[in-house]
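So the structure is just underneath, and the comments pick up after that.
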Amino acid sequence: MRIMALVRRILKQIIRDKRTMGLLIMAPILVLTMLHLVFNGESYTPKVGFVDLPTPLVEQLDDDDATIRKYETTDEAKTALKERNIDGYVNMSGSSLQLTLEGSDPTINGATMKWLQESIKSDSSANMLEVDYLHGSSKMSQFDSFGPVLLGFFIYFFVFLIAGVSFLRERTTGTLERLLCSPLRKWEIVVGYVIGFGIFTMIQATIIASYAIYVLGMMMEGAFIYVLVITLLLSLTALTLGVLLSAFANNELQMIQFIPLVIVPQIFFSGLFNLESISDYVSWIGPLTPLYYGAEALRNVMIRGYGWGEISFDLLMLAGFSLLFMILNILALKKYRSI
């Protein structure tokens, strides 16, 4: 009987917590739905450029499984490749075919090479196919390709979790209420917390990025200073988002409940999966998430070796997300301040 009394108390406690009840049912459904839409999307269709190829060879290529674009000169094709309008371009190099791949994504490289090899397998030039890479090489591993995305995700995830739980503790222990009763303005409280937690996140991001690149040997083509700037802005975004969502949680468990609803879905749109192969029903979500821009900027620096000009837009978007979350934090504090 005593055991049953305990069981009844626990069940009543869970039933009364509507958020936990909803999470137990809705979070798995949400994640499974996302996985279904990601993995059951269309297969990737390579985008290949042709530069002055013989007409008989062009006619035998299967254009049903690839998007083919023709260019007059190699320079035009190189420009399109750098801008990622195509995945690779084909031209004649002597008596053999030359395939130049963008190279930053092994999955796309494989799809492009497979299509070309299957299309020209009946041609003698298939045995003389030469492959070159704009970025990376044939030795680039999946870890090199996905490493920047994972680096950004783990920094983003742990900063969000630590900041949210820490700020929640400040509120539940009464520290925040005492600050709200002081002459400090709401924006000063938010900025103070962001700077305080931000110093720690700066150290954390620097250590994690340094370890991944210099100890684990993660591919690094660009300048390390750009990686630091990206990870710091990504950390600031996670920090302000974590503080914002903590305002709507009453305990640590409720704070953790935001993870499968807010953080996990972002990983699907961060670059681990090609957005062109994801279902159209959800692919539009990517540009609305901070991790989308952080991961893209990290790949541009670490794999493609780009600099400020190519990552400035992504950095501005991360800064914009941080500013938006800070403004929402200031508004959220009104619910705790009696006027």
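The values are calculated or read from the model by the stated rules, or taken from the named source; none is laboratory data. All values derive from a computational prediction rather than experimental measurement. Methodologically, a virtual Cβ is constructed for each residue, glycine included, from the backbone with ideal geometry; neighbour enumeration extends over all protein chains shown. Just so you know, the surface numbers come from the protein's heavy atoms only, side chains and all, with ligands and any DNA or RNA stripped out. Shrake-Rupley method; radii C 1.70, N 1.55, O 1.52, S 1.80 Å.
I'd like the distance separating the alpha-carbon centroids of region 190-253 and region 71-111, in whole Å.
Using only Cα atoms, the two centres lie 36 Å from each other.
With a 1.4 Å probe and every protein chain left in place, tell me how much accessible area V190 has, in Å² to the nearest 10.
Estimated to the nearest 10 Å², V190 gives 10 Å².
Considering only protein heavy atoms, what is the solvent-accessible area of F248 at a probe of 1.4 Å, reported in Å² to the nearest 10?
Around 90 Å² of this residue is reachable by solvent.
Can you compute the label reach from Y211? Point 7 Å from Cα along the Cβ direction, backbone N cut-off under 20 Å, restricted to region 238-259.
238-239
Where the accessible area of region 213-326 is counted over protein heavy atoms with a 1.4 Å probe, how much of it, in %, is carbon and sulfur?
Carbon with sulfur: 69 percent of the solvent-accessible area.
Viscosity 0.692 mPa s, temperature 37 °C: Stokes-Einstein D of region 170-272 from its Kirkwood Cα radius, in µm² per second?
After rounding, the answer is 205 µm²/s.
Computed over the Cα atoms, what is the radius of gyration of region 200-339 divided by 2.2 N^0.38 Å, N being its residue count?
1.15
Say the cut-off is 20 Å between C-alpha atoms; which of K47/K82; K47/K139; K114/K139 go over it?
K47/K139
For K139 and S93, FRET efficiency with R0 = 22 Å and r from the beta-carbon atoms, rounded to 0.05?
0.55
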